[in-house]
Amino acid sequence: MPVHGKVVAAYGNMVTASFDESVRQNEVAYILASDGSKLKSEVIRVRGNNCNVQVFEDTKGIKIGDTVEFTGDLLVVELGPGLLQQIYDGLQNPLPKLSKATGLFLKRGIYFEALDRSLKWDFTPLAKQGDEICAGDILGWVPEGKFTHQIFVPFNFIGKAKIVKMADAGSYTVDNVIAEVENEAGKRILLNMVQQWPIKIPLKNYEERLLPTEPLVTGCRIIDSFCPVAKGGTACIPGPFGSGKTVLQQLISRYADVDIIIVAACGERAGEVVETLKEFPHLADPYSEGRTLIERTVIICNTSSMPVAAREASIYTAITIGEYYRQMGLHVLLLADSTSRWAQALREMSGRLEEIPGEEAFPAYLQSRIAEFYERACCVRLKSGKIGSVSVIGTVSPAGGNFEEPVTQGTLAVVGAFHGLTWARSNARRFPAIDPLISWSKYLDQMAESLNKRDPEWVNLIKKTQKIMFEGNEVKKRMDVVGEEGTSAADFVLMLKAEFLDAVYLQQNAFDNVDAYNTLERQIYTFGKVFKILQKDIAIKDKDEGRQTFFRLTSLFKNWNSSEWQSDKFRKLENEVNAFIGSEK
Amino acid sequence: MREIITKIDEITGNIATLKASNVGLGELAVVMSPGRSTPGQVIRISGDSATLQIFGGTKGISTSDKVRFLGHPMQVKYGESLLGRIFNGSGVPIDGGPEPVEEEIPIGGPSFNPANRIIPRQMIRTNIPMIDLFNSLVISQKLPIFSVPGEPYNQLLARVGMQADADIIVLGGMGLKFDDFTFFRRTFEESGVMNRVIMFIHQASDPVVECLLVPDMSLAVAERFAEAGKKVLVLLTDMTNFADSLKEISISMEQIPSNRGYPGDLYSQLAARYEKAVDIEGLGSITLLAVTTMPGDDVTHPIPDNTGYITEGQFYLRRGVIDPFGSLSRLKQNVVSKVTRKDHNDIMNTMVRLFSDCRESRNKIAMGFKVSKWDETLLAYGSDFEKEMMDLNVNMSIEDALDKCWEMLARHFEPMQTGLKNDLVAEFWPKTLEK
């Protein structure tokens, strides 16, 4: 029996409601507007007999005295087979279904079940009658695309229970009963394939949290080689508008070597999501023959013009779905674009609550919320012994491209890798515009053991190269002041080497089919050659000659980069590279 | 419609608070003063009091004025008869014509379902080469014109309005000076396009609150026309005034400002408007071009900065021309050499690259370096490029502009010097002018 209340005040998307009995912090409430629509909202503050709820919908027409229905449940997502390939809004409302029901425009107060109730799944039981079970135990599995989608005892199942009846293998919808269990109190409970989990509470049903030590290969050389991300790790990509954040995110979403990608378009342009939406069904999955990218993707789409409170919820919805697939021993990558918009949603609500503001009017708890969110990324050993992970790469849109602002700083304090995009690089058309001089990753050392398995000297090579990069940049800065004439030949070559490294390795052509994506194997192979050139003593007669030599080398490597791995062209160009490295010059 | 005789408790800025019951958030009200009535909208309700945002401004409003609640949110008229008409920020005709009698539609409607969006692949022609050729405007695109006060951005907008191949042009003027208003009106009338133009004009002297309604009304009308299959081009000038009005209102509502006094939801407010740009599959479309004057020519100011994150590129209007370097149309790749002529992409890049080289040569001169023969060629090319392409008065179709580019290249360069692909040179290089 839900608790009822009444609207006593409303301003923007914040409504104050009175209640008689009790309410829970963060429980879901519905406001029954006078036009008959039911508006979903969440309790965010309780004071005496009044509580503040943030409404996830347009609040037009709400009146004093409108009924508020408190559900007693926290904001949850529905978990079960059929999440993949879906396009949800921030509250897990399936957008294509919504479009069928309401036409071109979104309509407030209309909610659908997140999982299709009519679809049948081929269920194979793994548990049997008489088994003792508890939360998170595996009852069976269904095939979902290429994945073995495990069906769990709900993660919020309390205590132990015994299976009284187990369904046979066969075809079931998500809400068909697949198991009947009896708990310790002797109560019979029916279980099906769908369960719910509150989005703001991390799902911790695992044995042990592990240190992330395996690389998450994005295919982007500057990231994987210099500022790598670990499976189960976190990274942030801040950058001003026009610096190529979205293109970078889209590339990662296509090529990252994980099982499942969750794209959370949080407060960004709808047009960008549309590209993902329309192209993924046609793009081949680089990791499984004959499948398309959409089959490993979930899209959470709460674009900039959709209600702000739902934007705040959207990244939690996304990470909860990620945690669910992690429980199956899969590696999940969440791409959140952009966390600044999420932080702004927090700020709007905080302002309406008249809380004392912190820097740039962001609430004082911004930093802890950011930390809470990124800490949900992890690599874990599950009860089944399998390893699963959720990694998070979040973009940040700093105001004016200034990284000193609170969201960027708050994020940098908690992530493991920082890929800073700058206008200086994007204006110079050096893409991806990640500035190698300001970016860093803590995972390079953390993953050293794993990386060095591929090349025993790898981490050392990278560190030496970073030194060359910095030194080359110093020379370049000096040269801007004293001119070429005042630069020694040795310094000049160092500068040319740094520029060469930038041109052929750090920069990557996203529109070239081959160059857009490099496997780690290829990166290590190519980098070995690049490094040899960086180490080689290159004597030059004069600066023009030096420049010419490096022009030639750059062009050679660029062609090599765009030739198919181990193709004839690749080998032919490699021979030319080797010839140069071996030469006396 | 309910009439409430009430005492207004509080009047601050454009906000009035009064006792009222059974009013909904966003409901429209009219404050009846002796001799005039001023519309307003409920923006906050609390217990038995309601806070109104008064569109006409609160000047002269008495605490004893009656307030009438209309039972519906702000609306705007919609219909074919709007074409050729001019309204103010409250939707009242200011062209001397009669009040339209067609249906009324709500403004600030819900967001377009992202799942229904399509990838836009059609170009909208403006016959301005700096747009069509170098940064093509694509249907459903939203683009700001970043400029500074004093630049001819309204002239540019008017020119786009006159020349663009759209079915309907909606002009939303915010804080428009009387002179500019007259300029738009006269230009559209004289060029004979007025019969497909609808104008919502908030003049600089009008109450600030009306300024906030202009984009919503313009876009609500545009949206309906788009649903009816029309290709609509919405021109807004100047969004900086809109953002400043937001600031004014939010400060008088005692909201905590975030950055330079602007409200924390500036991004969402701007996005809610810009995101109305849409290409509806099988039906019409809305394309949006909006002037944003940058205070102090600073692109990191909160208004242009937030705008840049929302829009799909930007045009920079500097010293009277569209700057080919900073300007960017993110969607042009969808149409360039795909729906336009096959030489478009290469010509676009080559012309800009050479112009950029010319700029370097100019820097050389400025720094007193010796000028080579090649520099002289570039300089001659650069000044022709400025005269024959960049000038805002140039009016030609993209095909003519492409031909013109080939002719200009042939005038100044050998084919090899341009770096253009051989097959394109063979097909397009003007034979008669070949050196």
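The values are calculated or read from the model by the stated rules, or taken from the named source; none is laboratory data. Please read these numbers as outputs of a predicted model, since none were measured by experiment. Neighbour counts run over all protein chains shown; Cβ positions are idealised from the backbone, glycine included. Protein only, heavy atoms only, side chains kept; ligands, DNA and RNA dropped before computing areas. Shrake-Rupley method; radii C 1.70, N 1.55, O 1.52, S 1.80 Å.
Quick notes
- Matching residues, the stretch B:30-52, being within 14 Å of chain A (Cβ to nearest Cβ), in contact with a Ser or Thr (Cβ under 9 Å, 6 or more places away or on another chain) and surrounded by 16 or more Cβ atoms within 10 Å (Cβ to Cβ): B:Val42, B:Ile43, B:Arg44, B:Ile45, B:Ser49, B:Ala50, B:Thr51, B:Leu52
- Of all residues assigned to the stretch A:450-465, at least one qualifies as being on the phi < 0 side of the Ramachandran plot and in contact with an Asp or Glu (Cβ under 6 Å, 6 or more places away or on another chain).
- Residues that are surrounded by fewer than 21 Cβ atoms within 10 Å (Cβ to Cβ), more than 11 Å from chain B (Cβ to nearest Cβ) and acidic (Asp, Glu), drawn from the stretch A:28-86: A:Glu69, A:Asp73, A:Glu78
- Pair list, Cβ < 6 Å and 6+ apart or interchain, from the stretch A:84-99 residues that are touching a residue at least 40 places away in the same chain (Cβ under 8 Å) to residues that are aliphatic (A, V, I, L, M) and assigned to a loop (DSSP other than H, G, I, E, B): A:Gln92/A:Ala114
- Taking the stretch B:97-119 as the range and being touching a Ser or Thr at 6+ places or on another chain (Cβ under 6 Å), at the interface with another protein chain (Cβ under 8 Å from one of its Cβ atoms) and either assigned to a loop (DSSP other than H, G, I, E, B) or touching a residue at least 24 places away in the same chain (Cβ under 8 Å) (or both) as the test, the residues that pass are B:Ser111, B:Asn113, B:Asn116.
- Residues satisfying the stated conditions in the stretch B:76-94, i.e. free of Cβ contacts under 8 Å to residues at least 24 places away in the same chain and more than 26 Å from B:Gln269 (Cβ to Cβ): B:Glu80, B:Ser81, B:Pro93
- Qualifying residue in the stretch A:443-459 (condition: touching a Lys or Arg at 6+ places or on another chain (Cβ under 9 Å) and β-branched (Val, Ile, Thr)): no
Quick grid of which residues meet (1) open to solvent by less than 10 Å² (accessible area, probe 1.4 Å); (2) part of a helix (DSSP H, G or I):
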position: A:Trp342; (1), (2): yes, yes
position: A:Arg347; (1), (2): no, yes
position: A:Ser350; (1), (2): yes, yes
position: A:Glu354; (1), (2): no, no
position: A:Ser368; (1), (2): no, yes
position: A:Gly394; (1), (2): yes, no
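Per-residue answers, yes or no, for (1) more than 10 Å from chain B (Cβ to nearest Cβ); (2) more than 25 Å from A:Tyr325 (Cα to Cα); (3) open to solvent by 20 Å² or more (accessible area, probe 1.4 Å); (4) under 11 Å from the mean Cα position of the chain (by Cα):
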site	(1), (2), (3), (4)
A:Phe241	no, yes, no, no
A:Lys245	no, yes, no, no
A:Leu248	yes, no, no, no
A:Arg254	yes, no, yes, no
A:Ile260	yes, no, no, yes
A:Glu275	no, no, yes, no
A:Phe280	yes, no, no, no
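- Residue within the stretch B:412-425 that is open to solvent by less than 70 Å² (accessible area, probe 1.4 Å) and under 34 Å from the mean Cα position of the chain (by Cα) present: no
- Answer residue from the stretch A:286-305, given it is in a loop (DSSP other than H, G, I, E, B) and open to solvent by less than 10 Å² (accessible area, probe 1.4 Å) and is farthest from the other protein chains (Cβ to nearest Cβ) among those: A:Thr303
- Members of the stretch B:135-153 that are more than 8 Å from chain A (Cβ to nearest Cβ) and either open to solvent by 10 Å² or more (accessible area, probe 1.4 Å) or without any contact (Cβ under 8 Å) to a residue 60 or more places away in the chain (or both): B:Val148, B:Pro149, B:Gly150, B:Glu151, B:Pro152, B:Tyr153
- Matching residues, the stretch A:534-585, being loosely packed, with under 15 Cβ neighbours inside 10 Å, of a type in the set (Ser, Thr, Tyr) and either under 38 Å from the mean Cα position of the chain (by Cα) or part of a helix (DSSP H, G or I) (or both): A:Ser555, A:Ser567
- Residues of the stretch B:328-344 that are within 12 Å of chain A (Cβ to nearest Cβ) and open to solvent by 10 Å² or more (accessible area, probe 1.4 Å): B:Leu328, B:Arg330, B:Leu331, B:Gln333, B:Asn334.
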